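The values are calculated or read from the model by the stated rules, or taken from the named source; none is laboratory data. All values reported here derive from a predicted model rather than from experimental measurement. A quick note on method: Cβ atoms are made from the backbone with ideal geometry, for glycine too, and the neighbour counts reach across all protein chains shown. In case anyone asks, the SASA skips ligands and DNA or RNA and just uses the protein heavy atoms, side chains included. Shrake-Rupley method; radii C 1.70, N 1.55, O 1.52, S 1.80 Å.
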Amino acid sequence: MNKRKLFSWVVAILLVFLAGWSVVYVKHAEKINSVKIAKEEKKQQQQKKEDKDANMRRPIKWRKSSETKKYPDVVGDKDLWVKVSQKKQRLYVMSGKKKVYQMYVSLGTHSAGYSNEGKKKFPTGTFEISNKRGEFYFNQVTGTGGKYWISWKGDGKYLIQSVPTNEHGKYIVSSAQNLGSQVDTNNSIWLSVKDAKWFYKNINGGTKLVIE
């Protein structure tokens, strides 16, 4: 084989190698690019979620409002209703399909955090906010009370209220610090002090309440 033919063969082999390498490189680059795109999409989705809750106060302050923005003006809103999520431990003030305000809550029964699933669970379904309400109560049986309470079931047995107090109306800090997590709340839905006061003054009797 003369030098010219040998050179031609070497060039041909190199071209085949380069062609194969370029295919591998392109596939590898496409894979890396697809991973980057997936990560970027995930980041954008997370950002949207964070933006949606951007006004939520962090860390949770049981004396203050749940959101850093002003409370909504709900006077005369005929589409007003309230939704509570046990899973997320949130209360949503709704106007039709729109969430106009979010609040941290705590709600649960003895079944929360216990292995005995036979114990009573927190009621779910559709209820109605009652006109039965008051600025303070104390339950001798449970040894706890609350401020700005509103009944929604059981004629005063089930309440929306502030974080719990003792018999003198002093907040029980060890319990209040659990706001936003599922604990035994003695059939009540706990709100921060400021949220409970706003809720008490602005959510009228007859307002629909949905607990999921």
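State, to one decimal in nm, how far the label point of LYS64 lies from the label point of ILE172, with both points 7 Å from Cα in the Cβ direction.
2.5
How much solvent-accessible surface does HIS168 expose, in Å² to the nearest 10, with a 1.4 Å probe and all protein chains in place?
140
Describe numerically, in nm with one decimal, the distance between label points set 7 Å from Cα along Cα→Cβ at HIS28 and at ASP155.
7.8
Strictly over 28 Å apart at the Cα level, which of LYS87/LYS153; LYS39/LYS194; LYS157/LYS201; LYS120/LYS194; LYS69/LYS197 would you flag in this model?
Values: LYS87/LYS153 20 Å; LYS39/LYS194 39 Å; LYS157/LYS201 20 Å; LYS120/LYS194 30 Å; LYS69/LYS197 16 Å.
Check vs 28 Å cut-off fails for LYS39/LYS194; LYS120/LYS194.
If you roll a 1.4 Å probe over the stretch 81-212 with all protein chains in place, what percent of the accessible area is carbon or sulfur? Write down the numbers at each step before the final one.
Details: 2850 of 6320 Å².
Taking all protein chains in place, the stretch 81-212 shows 45 percent carbon and sulfur surface.
Assuming 0.36 nm per residue, please report the length gained on full extension of the stretch PHE17 to ALA38 beyond their Cα-Cα distance. Don't jump to the answer; show the numbers that get you there.
On the way: separation 21, 0.36 × 21 = 7.56 nm, distance 3.16 nm.
Gain on stretching PHE17 to ALA38: 4.4 nm.
In the stretch 117-212, which trypsin sites (Lys or Arg not before Pro) are in a loop and have at most 16 other Cβ atoms within 10 Å, using DSSP for the loop call? Walk me through the numbers on the way to the answer.
Details: sites: LYS119, LYS120, LYS121, LYS132, ARG133, LYS147, LYS153, LYS157, LYS170, LYS194, LYS197, LYS201, LYS208; in loops: LYS119, LYS120, LYS121, LYS132, LYS157, LYS170.
For trypsin sites (Lys or Arg not before Pro) across the stretch 117-212 that sit outside H, G, I, E and B with at most 16 neighbouring Cβ atoms in 10 Å, the list reads LYS119, LYS120, LYS121, LYS132, LYS157, LYS170.
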